[in-house]
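The values are calculated or read from the model by the stated rules, or taken from the named source; none is laboratory data. Predicted, not measured: the structure shown is a model, and the values here were computed from it. Don't worry about glycine lacking a Cβ; one is built from the backbone with ideal geometry, like all the others, and counts go over all protein chains shown.
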Amino acid sequence: MTGSAERGGRRVLIAAGGGGDPIGTTVVANALYPGRPAVMLSYAWERLVVDPVPGPRGPGDFTGLRQLTPRVPLFTPGTRPVAPAGSTLPRLSAELAPDIGLLDPYGGVPGLARQIREVVERYGDGEVDVVDVGGDVLARGDEPTLLSPLPDALVVAACATAGVTTRVHVAGPGLDCEIPEEDLSPRLGDDRSTLTAEHCRAVSGVFEWHPSEASALLAAAARGLRGGCLVRDTGRPVPLTPTSASVFSLPLGTVLSRNRLAHALYARQCPTLRDAEDVAWRVCGFNEVQRERDRAAALAGAGRDGMPGGGVRAALSALDTWAADAVARHPTARYATFRCAAEGLGLRGRDTVDFRTGLTRARPGLHAAPLLRLPASRPRTRGAVPS
């Protein structure tokens, strides 16, 4: 936490997608505005592994919030989600440099615009930087691999409504597993910056506990890792290329013209999140909030039935066999996210963190921070990895 800052003089950043985007947004801020104090706005809209309640969280879903501005709550290390909801933002507020304010999409495009304008007028210099890790902010809406266009599109529509000068930064094209890098490349333009390991230094400890995969891939690319990386819920490795360590900057108008969902939300000035969901149905053919509702219901019904057991020690012992099988299916894979490996070995929740800790202690040579280097050795048939 930066604590209270003087009025004005700070960059105002928006982590467009929620989830782990505040991590990637901090990295981008370190690259574009080194040493400059910043305030960040983010949704509390996270994966079901973090927050089992579908959809984004609003101010009423937390205790211990303070006020950044009259319309924008501020996360503090003492903020807590109201059960059964979950959120990583309180802990991120303690470990990341920018203050983090809560974006509330339940007020639709006009409500988000009022929040953004208020923060820019109080803290910024009339400008705002929107950061998207992966690039679905540039989605047309008809891409077959598109999964979560609504949060980004709402931010773009709200910034246009707020009337503030806005630059949109796409970091690590393709790293969110939604639109491949090669498909995004023609849309990115020539305004390009390169991330380095130094830009990631301040967030390196976050990956020891945070489940974000896209931001972990961005940090890995910035550290120079190259090659395929296995992530959860995808049928192919995500390639880490020189472009993966890049940040492309575009004017808001360019993004608004390319993102059909954002343009429709802006044109209709959707007054509620439910209205925005309806527009997403018409433009994209699906509504990701409903997908979350369906998935949450399925997970609640399935429980842990059929899930491999044995705990962290058994998972560590089975790692080489799991890795050999994974590489046999995906020969280009050189790395995996720790979350992918842990969940592939049947772990969930706190066990995924303990798995990472145990592995980095027992076999440090496999730790290609913040990723897991896939073992090159033959699968083990006897013995166990010490924990």
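Just one residue in the set G60, G86, G101 is touching a helix residue (DSSP H, G or I) at 6+ places or on another chain (Cβ under 9 Å) and modelled with pLDDT of 95 or more; that residue is G101. Output yes when any residue across segment 215-235 is buried (at least 23 other Cβ atoms within 10 Å of the Cβ), more than 21 Å from A15 (Cβ to Cβ) and not charged (D, E, K, R), and no when none is. Among the residues of segment 215-235, at least one is buried (at least 23 other Cβ atoms within 10 Å of the Cβ), more than 21 Å from A15 (Cβ to Cβ) and not charged (D, E, K, R), which makes the answer yes. G126 falls short on exactly one of the conditions (1) touching a Gly at 6+ places or on another chain (Cβ under 6 Å); (2) modelled with pLDDT under 95, and that condition is (1). Restricting segment 175-203 to residues that are under 15 Å from the mean Cα position of the chain (by Cα) and more than 20 Å from D129 (Cα to Cα) leaves a set whose member that is surrounded by the most Cβ atoms within 10 Å (Cβ to Cβ) is I179.
Considering T88, T69, T76, the condition of being closer than 24 Å to V206 by Cβ, of a type in the set (S, T, N, Q) and surrounded by fewer than 22 Cβ atoms within 10 Å (Cβ to Cβ) is satisfied by T76 alone. Of everything in segment 162-174 that is part of a loop (DSSP other than H, G, I, E, B) and surrounded by 16 or more Cβ atoms within 10 Å (Cβ to Cβ), the residue that is farthest from the chain's Cα centre (by Cα) is V164. Cβ-Cβ distances below 8 Å connect the following pairs, each with a first residue in segment 126-142 that is within 15 Å of G20 (Cβ to Cβ), a second residue that is hydroxyl-bearing (S, T, Y) and not in a loop (DSSP other than H, G, I, E, B), and a separation of six or more residues or different chains: V131/T25; V133/T25; V133/S215. Among the strands (runs of 3 or more DSSP E) confined to segment 223-281, the ones with at least 2 residues that are aliphatic (A, V, I, L, M) are located at 238-240, 246-251. The set of residues in segment 183-206 being out of contact with any Leu (no Cβ under 8 Å at 6 or more places or on another chain) and under 14 Å from F248 (Cα atoms) consists of S185, P186, D190, R192, T194. Can you find a residue that is in a loop (DSSP other than H, G, I, E, B) and farther than 21 Å from E292 by Cβ anywhere in segment 152-161? No, that holds for no residue. Residue check: L48 meets all listed conditions (1) out of contact with any Asp or Glu (no Cβ under 6 Å at 6 or more places or on another chain); (2) among the hydrophobic types (A, V, I, L, M, F, W, C); (3) not in a loop (DSSP other than H, G, I, E, B) but one, namely (3). Scanning segment 178-191 for residues that are touching a helix residue (DSSP H, G or I) at 6+ places or on another chain (Cβ under 9 Å) and farther than 18 Å from A15 by Cβ yields I179, E181, L184, S185, R187, L188, G189. Remark: pairs (first residue in segment 310-331, surrounded by fewer than 17 Cβ atoms within 10 Å (Cβ to Cβ); second residue part of a helix (DSSP H, G or I); Cβ separation under 7 Å; 6+ apart in sequence or on different chains) = G311/D351. When segment 285-294 is filtered for residues that are out of contact with any helix residue (DSSP H, G or I) (no Cβ under 6 Å at 6 or more places or on another chain), surrounded by 13 or more Cβ atoms within 10 Å (Cβ to Cβ) and part of a helix (DSSP H, G or I), the ones remaining, listed by number, are Q290, R291, E292, R293. H263 is checked against (1) modelled with pLDDT under 95; (2) under 22 Å from V170 (Cα atoms) and fails just one. What number does that condition carry? (1) is the only condition that H263 fails. Considering only residues that are among the hydroxyl-bearing types (S, T, Y) and either modelled with pLDDT of 95 or more or farther than 21 Å from P105 by Cβ (or both), which ones fall in segment 142-197? Hits for segment 142-197 are T145, T161, T165, T166, S185, S193, T194, T196.
Screening the candidates R117, R122 for the property of being surrounded by fewer than 17 Cβ atoms within 10 Å (Cβ to Cβ), at negative phi and part of a helix (DSSP H, G or I) yields one hit, R122.
The residues of segment 65-110 that are part of a helix (DSSP H, G or I) and either free of Cβ contacts under 8 Å to residues at least 24 places away in the same chain or among the aliphatic types (A, V, I, L, M) (or both), listed by number, are L89, L92, A94, V109.
Of R295, R282, R291, all but one fail to be within 17 Å of L147 (Cα to Cα) and over 21 Å from the mean Cα position of the chain (by Cα); the exception is R282. For the condition farther than 20 Å from D104 by Cα, in contact (Cβ under 8 Å) with a residue 12 or more places away in the chain, surrounded by 16 or more Cβ atoms within 10 Å (Cβ to Cβ) and of a type in the set (A, V, I, L, M, F, W, C), V53 does not qualify.
Kindly establish whether T79 is in contact with a Leu (Cβ under 6 Å, 6 or more places away or on another chain) and hydroxyl-bearing (S, T, Y). Answer is yes for this residue.
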